[in-house]
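To start, the structure under review is shown below, and the notes come after it.
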Amino acid sequence: DAKTTQPNSMESNEEEPVHLPCNHSTISGTDYIHWYRQLPSQGPEYVIHGLTSNVNNRMASLAIAEDRKSSTLILHRATLRDAAVYYCILRDWGSSNTGKLIFGQGTTLQVKP
Amino acid sequence: ETGVTQSPTHLIKTRGQQVTLRCSSQSGHNTVSWYQQALGQGPQFIFQYYREEENGRGNFPPRFSGLQFPNYSSELNVNALELDDSALYLCASSPGSETSYNSPLHFGNGTRLTVT
């Protein structure tokens, strides 16, 4: 199973941009990069995903390195509600074709008012 | 559109007992997967059901079993509970068809199981 590496924690000030890094040096050509976040006392919530090109949606942007061995989730203006654990995941379709998500420890983001 | 709902929200059981957790998937989703999340850890994949058949399993013993019903709702059963089974159990649903490859998983808020 391909693995990802993220910092354990990060801090940000409210209304400032946040860049959450992720390393995935063993990524294979068909692995999609997914980001989920988990707010306190809730289940994980999908944020964004991509394969090779940078992606934008209403929640965030995903910047993917040209060699695909790293990516960065960008929150353009952090709010207090963005305080959560952010997981960078390589979606594993593998031989079983389940598309299971392999979660690591994630990055705990604190947002200061 | 109704999201993924799980019941009960909290449960306390004694070691050796059996437990059944329930999940209603999001409307239109035929694939359900279950994850176990120990305190302070990321979720771990238990197994997945697609159209009532188990089609993938993580590194969990056979005493973890499941069912998916014709309406795509699902159950997770755990027999012979151990103290280490104390965790948050998360259910997630997705469309599961070829055209929805890489569609996001939609998670419920989980069932907090405590084994004493």
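Just so you know, all these numbers are worked out from the coordinates, no wet-lab data involved. Since we're looking at a predicted model, the values are computed, not measured. Quick reminder, even Gly has a Cβ in these numbers, built from the backbone with ideal geometry, and neighbours come from all protein chains shown.
With a Förster radius of 30 Å applied to the beta-carbon distance between B:Gln17 and B:Ser73, the computed FRET efficiency rounds to 0.85.
Within straight-line reach of A:Lys3, meaning a Cα separation under 16 Å, sit the following lysines at least 8 residues removed in sequence or on another chain: A:Lys69, A:Lys100.
Each other residue within a Cβ distance under 15 Å of B:Thr116 adds +1 if Lys or Arg and -1 if Asp or Glu, for a net charge of 0.
Between A:Met10 and A:Ser25, the contour length at 0.36 nm per residue exceeds the alpha carbon distance by 3.3 nm. Near A:Ser70, the amide H atoms lying under 5 Å from its own belong to A:His24, A:Ala65; only residues 5 or more places off or on other chains count, and H is placed 1.01 Å from N. For segment A:31-39, 3J(HN,Hα) computed residue by residue from phi via the Karplus equation (6.51, -1.76, 1.60; θ = phi - 60°) reads 6, 8, 9, 10, 10, 10, 10, 10, 7 Hz, glycine and proline entered as x.
At a Förster distance of 41 Å, what's the computed FRET efficiency of A:Lys69 paired with B:Leu39, Cβ-Cβ distance as r, to 0.05?
Details: r = 31 Å, r/R0 = 0.76.
Efficiency at R0 = 41 Å is approximately 0.85.
Amide H contacts under 5 Å for A:Gly43: B:Asn109, restricted to partners 5 or more places along the chain or on a different chain, H placed in the peptide plane at 1.01 Å from N.
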